[in-house]
Amino acid sequence: MGKVLISGSQVADWQKLVSDAETELGVTLDEDMESYLVFTLMRYTRRPDMASRIMALDYLLAIQNSGGVNQQQMREVADQCLLLTGLFPARARRRRVSLTYYVDLGRGAYQHLAENLASMTGFYSRMAQQFVQAMDTLHTIRQMSEGQLQLDPLEAFDLWEQTGSRAARVQMARITQAIPVAEHSVPPKKH
């Protein structure tokens, strides 16, 4: 695939990119998740400060705060982890932190919201459960726009093995003829 072209309204452009990525990846996000992803992309388009955030510290601060401030901070942590893992995996690499760390942190933040925000329990619970699918969609958007693989082979294997990432598995298939097998699915050797 070539470069991704943007034209028209910002919402329509992001919706098209998300839809194209779902098609490329062979997944379908439900309407709520797709909309949330589109509006998260729009919200952070003009936020270059995201790259300088220390997510674990933000997570701890959000837990310490109470009320609406806590929920807003926790949502920002979750959303930023999602965007970092999906669109900017090289930033995690430069920080010498695995992508699965950010996946776990993001899932945990969405789960915290599900447990502490009664009106949105179901939605944030689904975000925690389907974090990897949303991340894979973002990862595919980035890969489609740049036309190159975003993860090195070991990162792709680790992400697939630890999270079940479909995008990482697809990327591994493009790199090698081998069929990866998760460590937990290999029967133990008898001595």
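The values are calculated or read from the model by the stated rules, or taken from the named source; none is laboratory data. Since the model is a prediction, treat every value here as computed from it, not as a measurement. Counting neighbours? That spans all protein chains shown, and the Cβs are built from the backbone with ideal geometry, glycine included.
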Condition first: without any contact (Cβ under 8 Å) to a residue 40 or more places away in the chain, closer than 21 Å to Trp14 by Cβ and in a helix (DSSP H, G or I). Can you find one or more residues in segment 151-171 that meet it?
no
Quick one: Gln143 ticks every box in (1) more than 12 Å from the chain's Cα centre (by Cα); (2) closer than 17 Å to Leu105 by Cβ; (3) surrounded by 18 or more Cβ atoms within 10 Å (Cβ to Cβ) bar one, so which box is it?
(2)
What number of residues within segment 93-119 are modelled with pLDDT of 90 or more and in a helix (DSSP H, G or I)?
17
Scanning segment 21-35 for residues that are part of a helix (DSSP H, G or I) and touching a residue at least 12 places away in the same chain (Cβ under 8 Å), the one farthest from Arg169 (Cα to Cα) turns out to be Asp32
Return yes or no: is Gln177 in a loop (DSSP other than H, G, I, E, B), at pLDDT 75 or above and in contact with a Pro (Cβ under 7 Å, 6 or more places away or on another chain)?
no
Which residues, counting only those in segment 77-105, are among the hydrophobic types (A, V, I, L, M, F, W, C) and touching a residue at least 60 places away in the same chain (Cβ under 8 Å)?
Ala90, Leu99, Val103
Would you say Ala62 is part of a helix (DSSP H, G or I), at pLDDT 70 or above and more than 16 Å from the chain's Cα centre (by Cα)?
yes
Positions within segment 96-127 being within 15 Å of Thr85 (Cα to Cα) and of a type in the set (Gly, Ala, Ser), in sequence order:
Ser98, Gly106, Gly108, Ala109
Can you say whether Ala90 is modelled with pLDDT of 85 or more, surrounded by fewer than 19 Cβ atoms within 10 Å (Cβ to Cβ) and either assigned to a helix (DSSP H, G or I) or in contact with a Pro (Cβ under 7 Å, 6 or more places away or on another chain) (or both), as far as the supplied structure shows?
yes
